[in-house]
1. Could you grab the pairs with beta carbons closer than 7 Å, sequence gap of 6+ or different chains, first residue in the range B:96-118 and within 8 Å of chain A (Cβ to nearest Cβ), second one loosely packed, with under 15 Cβ neighbours inside 10 Å and at pLDDT below 95?
2. With the checklist (1) assigned to a helix (DSSP H, G or I); (2) touching a residue at least 60 places away in the same chain (Cβ under 8 Å); (3) crowded, with 19+ Cβ neighbours inside 10 Å in hand, flag the one item A:ILE6 doesn't pass.
3. For A:THR117, all conditions in the list (1) surrounded by 19 or more Cβ atoms within 10 Å (Cβ to Cβ); (2) in contact (Cβ under 8 Å) with a residue 60 or more places away in the chain hold save one; what is the number of the exception?
4. Out of A:GLN45, A:GLN29, I need the residue that is more than 11 Å from chain B (Cβ to nearest Cβ), surrounded by fewer than 21 Cβ atoms within 10 Å (Cβ to Cβ), polar (S, T, N, Q) and assigned to a helix (DSSP H, G or I). Which one?
5. Would you point out which residue out of A:TYR52, A:TYR77 is of a type in the set (Phe, Trp, Tyr) and crowded, with 16+ Cβ neighbours inside 10 Å?
6. Checking the condition within 14 Å of A:VAL190 (Cα to Cα) and either more than 14 Å from the chain's Cα centre (by Cα) or within 14 Å of chain B (Cβ to nearest Cβ) (or both), which residue from A:LYS105, A:LYS94, A:LYS68, A:LYS50 passes?
Amino acid sequence: MRLLVIIPAYNEEMNIENVVENLRENYPQYDYVVINDGSTDRTSQICHEKGYNIVDLPINLGLAGAFKTGMKYAYRYDYDMAIQLDADGQHNPKYIAIMAEEMGKGYDIILGSRFKTEKKPFTPRMLGSRLISLAIRVSTGRKITDPTAGMRMYNKKMIQEFATHINYGPEPDTISFLVKQGASVHGIQVEMEERKGGVSYLNLPRSVMYMTRMLLSILFIQNFRKRDI
Amino acid sequence: MSILLRAILILISIITLMMMVRKIRKSKLHIEYTIFWILFMAILIMLALFPEIGVWVAGLLQFQSPENLIFLVVIFILILKLFFQTVEISALEYRVEELAQKIALDEQEREQKEKSKE
């Protein structure tokens with residue numbers, strides 16, 4: 001089984017080296033690809049100097065577009081599984097093996113969840129997470145404990161679907177849609193690290209926009225979508 | 001319809017048309033995209049020149065005044081235009097994305113091939 005680690009990176013010059021070196025040294029059995037989403041800092045130079053496997057997008061497409069590029073890469077080179085690993089170092093690759101093992105049981109998507117067995121704290125940020133969880137529950141009847149966590153693994157069928165269709169962002173609304181449409185999704189407990197350098201993309205206006213988009217999408221729009229595969 | 005409203009309609013229509021022509025001349029605009037605006041302006045000018053049309057249709061649809069009818073029609077046409085423009089922008093964005101992704105993947109493939117040749 002061939003597995004691809006997709007690392008979308010936008011202005012991650014502070015973290016990208018640590019993330020990729022860790023992967024290359026400690027997990028050489030996995031193929032990886034860095035998707036540089038039109039970064040304006042030294043992310044791309046660092047990767048080229050170090051000889052990392054990198055795809056340079058000529059323009060900034062946003063996370064969904066960058067991730068889709070990774071899925072297209074996986075599709076082009078015929079990988080069996082693909083996992084998203086954030087370039088800020090929050091995702092620990094030690095869980096890849098566990099997730100791949102779970103995938104072997106026949107799931108379409110394995111979600112890395114911080115709250116599968118741990119309790120979800122009551123912070124403003126987690127309030128958003130709770131709302132999205134609730135929306136997915138209302139929409140699909142399934143409980144997704146950590147919908148916003150980006151560490152998700154996809155099987156071959158999903159790789160093709162993500163690579164060739166519109167509106168398949170690596171976001172909770174896509175997961176909700178797929179669950180609703182009969183994809184088999186399973187979560188496992190993971191720990192996540194704090195971001196080591198650089199700045200997070202999230203601020204208050206962006207968070208409000210994100211929440212509005214997610215809730216509208218999960219509760220309303222996805223009901224009208226057709227899954228043609 | 002007041003003379004003032006008629007004058008404003010005609011003035012705005014003519015200015016818009018002039019701007020269109022200038023953009024076409026500077027080759028900043030596809031002609032296809034000006035057709036909507038030209039027709040739209042033509043309708044406004046017609047309504048200003050022949051207010052009887054507005055009065056007649058307003059009576060037919062039981063509007064209080066032809067002005068109300070004109071405002072409603074203009075707003076409705078603009079909403080439609082905006083909607084279709086959103087659809088177009090979305091399609092364009094999709095195509096740009098597809099192209100960027102293809103370029104990036106091809107570029108990586110080319111680099112890998114060069115590396116393995118060395």
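The values are calculated or read from the model by the stated rules, or taken from the named source; none is laboratory data. None of these values were measured; they are calculated from a predicted model. Using ideal geometry, Cβ is built from the backbone for each residue, glycine included, and neighbour counts are taken over all protein chains shown.
1. B:ALA100/A:PRO58; B:ALA100/A:ILE59; B:ILE103/A:PRO58; B:ALA104/A:PRO58
2. It fails just one condition, (1).
3. (1)
4. On the way: A:GLN29 fails: assigned to a helix (DSSP H, G or I).
Only one candidate qualifies: A:GLN45.
5. The match here is A:TYR52.
6. A:LYS94 is the lone residue from the list that is within 14 Å of A:VAL190 (Cα to Cα) and either more than 14 Å from the chain's Cα centre (by Cα) or within 14 Å of chain B (Cβ to nearest Cβ) (or both).
Each row is one residue, and each column tells you yes or no for (1) of a type in the set (A, V, I, L, M); (2) in contact with a Gly (Cβ under 9 Å, 6 or more places away or on another chain).
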position	(1), (2)
A:LYS105	no, no
A:ARG114	no, no
A:ARG125	no, no
A:SER139	no, no
A:ARG142	no, no
A:ASP146	no, yes
A:ALA149	yes, yes
A:MET153	yes, yes
A:LYS156	no, no
